[in-house]
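Written below as structure tokens is the structure these notes are about.
The values are calculated or read from the model by the stated rules, or taken from the named source; none is laboratory data. Remember, predicted model here, so these are calculated numbers, not experimental data. Neighbour counts run over all protein chains shown; Cβ positions are idealised from the backbone, glycine included. Heads up: the accessible areas ignore ligands, DNA and RNA and are worked out on the full protein's heavy atoms, side chains in. Shrake-Rupley method; radii C 1.70, N 1.55, O 1.52, S 1.80 Å.
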Amino acid sequence: LSLTITEGSACVGIRSSTHAVIGALKRSVSELSAHQKKILEIDAHVGVGIAGLTADARTLAKWMRSECLNHKYVYGTDMPTGRLMTDLADRHQRTTQTYVRRPYGVGLLVASYDKTGPHLYQTCPSGNVYEYYASAIGARSQSGRTYLEKHYGDSVADASVDDLIMHALRALAGCVSTDDKEAKAKGNAEGLTADNASVGIVGQDQAFRLMEGAELQPYLDRLELEGGNGNGGDGDGGGDDDEAPTKMET
């Protein structure tokens with residue numbers, strides 16, 4: 001089922017010392033349909049970006065919301081992200097041990113902020129969970145990872161929220177195909193637009209917020225002026241590189 005993730009629309013994530021940002025490319029099944037949401041709010045301090053089967057992602061999101069609500073009801077505080085991710089990994093892994101259920105065919109990028117600071121996690125159907133400084137999943141995500149590997153450093157660790165959003169959009173732009181026949185058929189061949197791009201933000205003194213449409217347009221205009229909309233940001237496609245994303249040592 002990992003193929004469902006690599007064929008899903010791209011999702012990128014990046015974090016600084018105070019905030020975490022996820023960006024996702026929304027797809028439409030035809031020119032007459034609306035774009036599917038790819039970023040979901042779980043709680044005031046947690047949001048997820050998805051790549052893969054949207055129905056499976058909604059099921060997991062519903063379970064995560066229930067876990068956060070139960071923890072807040074019992075303990076009176078937000079659920080620590082590490083505990084939520086451990087429980088999520090167990091839920092993923094249990095489906096691999098029984099023949100009556102298939103694994104969840106979706107990968108998640110989870111952005112959160114708790115008492116220990118901002119976090120960015122990546123999950124996969126096998127039950128593995130990794131914490132990252134920056135990562136990308138989905139179709140053509142290697143271009144996004146290449147951009148993040150080149151530009152993540154001390155300057156990003158201290159970056160403002162606006163700079164994090166721009167980094168996410170530049171990485172996401174590298175994952176967009178402007179000459180693919182399938183992309184044209186699905187209405188995603190025009191690069192990043194206010195219709196097919198979305199960004200989620202969470203951080204210090206910042207509850208999770210989803211940015212779409214007109215609210216995101218100023219950042220897309222800035223990206224257009226840089227010449228990075230739909231051509232991989234800095235022009236380095238990196239589509240066939242085998243480099244690994246920037247992963248934390250845990």
Seminar exercise, completed: Restricted to segment 197-229 and to residues being surrounded by 20 or more Cβ atoms within 10 Å (Cβ to Cβ) and touching a His at 6+ places or on another chain (Cβ under 7 Å), the residue farthest from Val176 (Cα to Cα) is Gly203
For this session: Examine segment 75-82 for a residue that is closer than 21 Å to Ala197 by Cα and either out of contact with any Phe, Trp or Tyr (no Cβ under 7 Å at 6 or more places or on another chain) or of a type in the set (D, E, K, R) (or both), and state whether such a residue exists.
Result: no
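How many residues are without any contact (Cβ under 8 Å) to a residue 24 or more places away in the chain and under 13 Å from Ser198 (Cβ atoms) when one looks only at segment 37-61?
Result for segment 37-61: 1.
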Exercise. Which of (1) in contact with a Pro (Cβ under 9 Å, 6 or more places away or on another chain); (2) open to solvent by less than 30 Å² (accessible area, probe 1.4 Å) does Ser126 not meet, given it meets every other one?
Worked result: (2)
Problem set entry | Subset of segment 22-39 that is within 8 Å of the chain's Cα centre (by Cα) and β-branched (Val, Ile, Thr) - its residue that is surrounded by the fewest Cβ atoms within 10 Å (Cβ to Cβ) | Ile39
Exercise. List, please: which pairs have Cβ atoms under 8 Å, are six or more places apart or on different chains, and start with a residue in segment 87-107 that is closer than 15 Å to Thr4 by Cβ and among the polar types (S, T, N, Q) and end with one that is open to solvent by 70 Å² or more (accessible area, probe 1.4 Å) and assigned to a loop (DSSP other than H, G, I, E, B)?
Worked result: Thr95/Arg101; Thr95/Arg102
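Residue-wise test of (1) at pLDDT 90 or above; (2) part of a helix (DSSP H, G or I); (3) under 20 Å from Arg83 (Cα atoms).
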| site | (1), (2), (3) |
| --- | --- |
| Gly107 | yes, no, yes |
| Lys150 | yes, yes, no |
| His167 | yes, yes, no |
| Thr178 | no, no, no |
| Glu190 | no, no, no |
Problem set entry | Residues of segment 14-64 satisfying the condition of being of a type outside the set (Lys, Arg), assigned to a loop (DSSP other than H, G, I, E, B) and farther than 19 Å from Ala207 by Cβ | Ser28, Val29, Ser30, Glu31, Leu32, Ser33, Ala34, His35, Gln36, Leu53
For this session: For residues that are among the hydroxyl-bearing types (Ser, Thr, Tyr), closer than 23 Å to Ala168 by Cα and open to solvent by 60 Å² or more (accessible area, probe 1.4 Å), tally how many sit in segment 40-86.
Result: 0
Problem set entry | Among the residues listed as Gly200, Gly174, the single one being under 18 Å from Gly117 (Cα atoms) and modelled with pLDDT of 85 or more | Gly200
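Anything in segment 87-118 that is open to solvent by 20 Å² or more (accessible area, probe 1.4 Å) and closer than 28 Å to Gly144 by Cα? List them, or say none.
Of everything in segment 87-118, those that are open to solvent by 20 Å² or more (accessible area, probe 1.4 Å) and closer than 28 Å to Gly144 by Cα turn out to be Gln93, Pro103, Tyr113, Asp114, Thr116.
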